[in-house]
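Every number here is computed from the coordinates shown, using simple stated rules; none is lab data. What you see is a predicted model, and the numbers here were worked out from it, not measured in a lab. A quick note on method: Cβ atoms are made from the backbone with ideal geometry, for glycine too, and the neighbour counts reach across all protein chains shown.
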Amino acid sequence: GAVVSQHPSWVICKSGTSVKIECRSLDFQATTMFWYRQFPKQSLMLMATSNEGSKATYEQGVEKDKFLINHASLTLSTLTVTSAHPEDSSFYICSARGGQGLTNEKLFFGSGTQLSVL
Amino acid sequence: KQEVTQIPAALSVPEGENLVLNCSFTDSAIYNLQWFRQDPGKGLTSLLLIQSSQREQTSGRLNASLDKSSGRSTLYIAASQPGDSATYLCAVKVSSNTGKLIFGQGTTLQVKP
């Protein structure tokens, strides 16, 4: 089946620093990737949608200048949390929608990144 | 605004029991509904996907039903095993031209040997 690799799986950083999270589709070309965030005991919430080669579309309430998303190729999308603060501490998970040869109904998820900002 | 609710939040059962997880959504105009499994430190795994025109899907010991008119879906797990212990999430997709999924908060299942 389709595999999505997300790295790192966990990261601890100091307040004010930036953190980059990578999401790769290993065996398929992901035309669209999605970034979700999950705070403790809350639902997964979509942050943004990125299509290869174009700017990401952010959900209401998500700061695009704080959460930079780059989808430069069909197999890689990155999320950079800039000037991280403790309230950004959360579980971030990406998902990818396949292109040719894969049903575009299902989403394939990465393993997630637990971010802790001190 | 579409909201998805899962009940119960947590469930503990002895091995071998059949069990039902519930998912409800406020707006019946959905495109599809999907059940996921979430294991600690791992990504979400899609278990079953039900299109809006379907009433149920089955995979092995899992059976998911969908009743759009009442805004409900259930995930039935037969003959539960300790390896079924995980958090189960349901999510609805509201239209065909978006990848946005609206998730419930999940049901954490523990199956005791």
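Tabulated data for the structure shown
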item	result
A:LEU68 versus B:SER59: modelled label distance in nm, points set 7 Å from Cα along the beta carbon direction	3.7
Label-point separation, A:CYS13 to B:VAL94 (7 Å along Cα→Cβ), nm	3.0
Assigned charges on the beta-carbon of Lys, Arg, Asp, Glu; chain A dipole about Cα centre (debye)	80
DSSP bridge pairs, the protein assembly as shown: antiparallel proportion in percent, nearest 5	90
Normalised contact order of chain A, rounded percent, pairs of Cα under 8 Å and 6 or more residues apart	37
Three-way shape label, segment A:23-118, alpha-carbon gyration tensor, a/c 1.5	prolate
Length-normalised contact order for chain B - Cα pairs under 8 Å, 6+ apart - percent	37
Distance between segment B:56-104 and segment A:35-87 - C-alpha centres, whole angstrom	25
FRET efficiency, B:GLN81 to A:LYS55 (Cβ-Cβ, R0 41 Å, nearest 0.05)	0.35
Nearest-20 debye value, chain B charge dipole, Cβ charges on Lys, Arg, Asp, Glu	260
